[in-house]
1. Of a type in the set (A, V, I, L, M), more than 14 Å from the ligand (Cβ to nearest atom) and either surrounded by fewer than 21 Cβ atoms within 10 Å (Cβ to Cβ) or closer than 29 Å to residue 142 by Cα (or both): is that true of residue 23 in this structure?
2. Can you tell me how many residues within segment 26-70 are of a type in the set (A, V, I, L, M) and either under 19 Å from residue 147 (Cα atoms) or touching a His at 6+ places or on another chain (Cβ under 7 Å) (or both)?
3. Can you confirm whether segment 63-72 contains a residue that is surrounded by 24 or more Cβ atoms within 10 Å (Cβ to Cβ) and either within 15 Å of the ligand (Cβ to nearest atom) or within 22 Å of residue 127 (Cα to Cα) (or both)?
4. With respect to residue 76, determine if the residue is in contact with a Phe, Trp or Tyr (Cβ under 6 Å, 6 or more places away or on another chain), under 18 Å from residue 152 (Cα atoms), in contact (Cβ under 8 Å) with a residue 40 or more places away in the chain and not charged (D, E, K, R).
5. Can you pull out the residues in segment 30-42 that are under 16 Å from residue 79 (Cβ atoms), more than 8 Å from the ligand (Cβ to nearest atom) and not in a loop (DSSP other than H, G, I, E, B)?
6. Restricting to segment 38-85, give me the number of residues that are touching a helix residue (DSSP H, G or I) at 6+ places or on another chain (Cβ under 8 Å) and within 23 Å of residue 17 (Cβ to Cβ).
7. Report yes if residue 127 is in contact with a Ser or Thr (Cβ under 8 Å, 6 or more places away or on another chain) and in contact (Cβ under 8 Å) with a residue 24 or more places away in the chain, otherwise no.
Amino acid sequence: MRIGHGYDIHRLVTGRPLVLGGVTIPHTHGLDGHSDADALTHAVCDSLLGALALPDIGHFFPNTDARWKGVNSQVLLREVVAQLRVRGWRVGNVDVSLIAEKPKIAPHIPEMRRTLAASMEVPVDAVGIQATTNEKVGAIGREEAIAAFAVCLVERTNRE
Ligand code: MG
């Protein structure tokens, strides 16, 4: 098996939906970006790509490509898992730390876990998500951005 690590941060702006872990969360602000700006899912994607020493999601899904404008990031995650599969790897487990001052994330975690697990074709108990605030410190604490860290294990399959 191999380990991977990913990180992402997106700015909070008005006039955008807030999508995290594939779940649209009611809030006054949303994350800005070319895709749906789902920082949590992007961190997971980068952890999986990193585990195989592949380039980051910006390489696979450039923000200059109109195909990825407004795209649901679960589509990107499914494509990343397909990239693993063709190389003979599958997802073992993923663990995410989400850092958001507002809104309250905890009520949405079960649906995020189910959504990510479905996209990665793993059991729900292979997807951990913890959410914390930044204790009002810095840009995240001022509600200017939301960030996520992810680690994963990937395992060799027999398909190669
Ligand atoms: Mg991103």
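Nothing in this text is a laboratory measurement; each read-out follows from the coordinates by a stated rule. If you're wondering where the values come from, they're calculated on a predicted model, not measured in any experiment. Because the Cβ atoms are built from the backbone with ideal geometry, glycine has one as well, and the counts that use them run over all protein chains shown.
1. Considered against the rule, which asks whether it is of a type in the set (A, V, I, L, M), more than 14 Å from the ligand (Cβ to nearest atom) and either surrounded by fewer than 21 Cβ atoms within 10 Å (Cβ to Cβ) or closer than 29 Å to residue 142 by Cα (or both), residue 23 comes out as yes.
2. Of all residues in segment 26-70, those of a type in the set (A, V, I, L, M) come to 31, 37, 39-40, 43-44, 48-49, 51-54, 57, 66.
Next cut, either under 19 Å from residue 147 (Cα atoms) or touching a His at 6+ places or on another chain (Cβ under 7 Å) (or both) only: 31, 37, 39-40, 43-44, 48-49, 57.
The total comes to 9.
3. No.
4. yes
5. Step one: of segment 30-42, the residues under 16 Å from residue 79 (Cβ atoms) are 34-36, 38, 41-42.
With the extra rule that they be more than 8 Å from the ligand (Cβ to nearest atom), the set shrinks to 34, 36, 41.
Of everything in segment 30-42, just one residue is under 16 Å from residue 79 (Cβ atoms), more than 8 Å from the ligand (Cβ to nearest atom) and not in a loop (DSSP other than H, G, I, E, B), namely 41.
6. So the count comes out to 18.
7. no
To keep it simple, each residue is scored yes or no on (1) within 22 Å of residue 26 (Cβ to Cβ); (2) aliphatic (A, V, I, L, M); (3) free of Cβ contacts under 8 Å to residues at least 60 places away in the same chain.
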site	(1), (2), (3)
68	no, no, yes
92	no, no, no
97	no, no, yes
106	yes, yes, yes
